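Read the structure below first, then the notes.
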Amino acid sequence: VFPKSFASLWATLLCVIFVGCSTTKNLPEGEILYTGIDKLNIVNEDKTPAGITALEEVEAALAYAPNNAILGSSSLRWPLPVGLWVYNGFVKYQDKKGVGRWIFDHLGKNPVLMSTVNGDTRAKVATNLLHDYGYFNGSVAYSEVPQKDPRTAKVDYTINMGTPYYLDSIAYLKYPQKADSLIQATREESVLKRGDNFSVIKLEEERQRISTLLRNNGFYHFRPEFTVYRADTLQKSGYVSLQAVPEAGIPEEAKKQYYIGNTSVYLTGYDGE
């Protein structure tokens with residue numbers, strides 16, 4: 001292993017030697033180097049707190065840092081891609097021994113390829129996220145933007161948020177009588193509020209709340225997944241009528257409320273007296 005002083009010297013020399021060298025010369029055949037997101041176009045942006053949260057999640061799903069990214073940015077890069085220059089200049093030494101292999105291992109950076117970024121899949125994931133946050137008409141599209149070097153490309157994403165759907169009526173049906181009484185008595189604590197944006201995340205939070213409420217009141221075997229939802233978007237345009245119901249076929253134990261039985265107290269001394 002080379003001393004740190006040698007590594008610093010090599011880094012300095014390489015910055016000089018590889019300036020102007022190709023960053024794509026030795027890419028795998030048929031691959032294109034990803035150089036970041038060019039534009040993030042937002043259509044029908046919803047600037048409400050719910051919209052801001054949804055957009056942050058979508059942008060996080062699309063984010064992917066290229067080589068020599070500045071602080072992990074998807075679009076800002078340092079001007080000298082030393083790691084790529086080293087990769088392309090010394091990749092032939094990766095299976096050998098000696099100085100060339102040391103330089104490749106310690107100073108080279110594997111190229112970030114378009115096939116790794118997979119913009120089409122990311123756009124689909126981001127579209128599903130919009131739907132999860134109630135933007136059922138929302139969509140995300142992507143396109144590759146060729147650069148001066150034909151073996152490099154950036155990515156454009158267009159996020160069309162559409163219009164959000166809102167919660168209308170919310171009903172809790174078919175729970176066992178005592179469980180239903182607990183749920184109805186705590187309706188004010190529900191995570192789901194009429195007029196709020198529809199959100200799958202909020203639905204999951206409410207399932208957790210119901211499960212905790214019932215378990216804390218003797219329904220020891222009740223689990224969050226035992227609550228399912230039925231949603232109707234046809235009754236009122238832009239609104240969701242929601243029903244929370246127990247899943248069909250849940251175990252009988254989950255419907256049973258448990259109580260504390262007889263209690264015995266035993267006192268035992270340190271020496272068994």
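Working from label points 7 Å from Cα in the Cα-to-Cβ sense, the His221 to Thr186 distance is 2.1 nm.
Each Lys and Arg adds +1 at its Cβ and each Asp and Glu adds -1 at its Cβ; summed about the Cα centre, the range 105-236 shows a dipole of about 180 debye. In the range 140-247, the portion of solvent-accessible area held by carbon and sulfur atoms comes to 49 percent [1.4 Å probe, whole percent, DNA, RNA and ligands not counted].
Taking all Cα pairs closer than 8 Å and separated by 6 or more residues, the relative contact order of the chain comes to 17 percent. Each residue of the range 39-54 was assigned a 3J(HN,Hα) from its phi angle through the Karplus curve 6.51 cos²θ - 1.76 cosθ + 1.60 (θ = phi - 60°); the sequence is 9, 10, 8, 10, 10, 6, 5, 9, 9, 6, x, 5, x, 4, 4, 4 Hz, with glycine and proline shown as x. Rounded to the nearest Hz, the phi-derived 3J(HN,Hα) couplings of the range 60-75 under the Karplus curve 6.51 cos²θ - 1.76 cosθ + 1.60 (θ = phi - 60°) are 5, 5, 8, 5, 7, 7, x, 4, 6, 5, 8, 6, x, 5, 7, 10, where x marks glycine and proline. For the residue pairs Lys39/Lys148; Lys174/Lys255; Lys202/Lys236, the alpha carbons lie more than 19 Å apart in Lys202/Lys236. With contacts taken as Cα pairs under 8 Å and at least 6 residues apart, the range 228-273 reaches a relative contact order of 26 percent.
The modelled label-to-label distance for the pair Glu45/Ser264, using points 7 Å beyond Cα in the direction of Cβ, is 7.0 nm.
Surface analysis of the range 191-273 yields an accessible area of 69 Å² per residue, using protein heavy atoms and a 1.4 Å probe. Each of Lys25 and Val125 was given a label point 7 Å from its Cα along the Cα-to-Cβ line. The distance between the two points is 3.4 nm. One chain, two ends: Ile201 and Glu273. Fully extended at 0.36 nm per residue, the span grows by 20.3 nm beyond their Cα-Cα distance. Amide H contacts for Tyr172 (H built 1.01 Å from N in the peptide plane; partners 5 or more residues away or on another chain; cut-off under 5 Å): Ala244. Considering the values (1) 71, 53, 42; (2) 63, 37, 34; (3) 81, 74, 31, which represents Cα extents along the principal axes in Å as calculated for the structure under consideration? The value computed from this structure is option (3).
The values are calculated or read from the model by the stated rules, or taken from the named source; none is laboratory data. Predicted model only: the values in this text are computed from it and were never measured. With ideal geometry, Cβ positions are generated from the backbone for all residues, glycine too; neighbour counts draw on all protein chains shown. When the accessible area is computed, the model is the full protein with side chains, heavy atoms only, and any ligands, DNA or RNA have been set aside. Shrake-Rupley method; radii C 1.70, N 1.55, O 1.52, S 1.80 Å.
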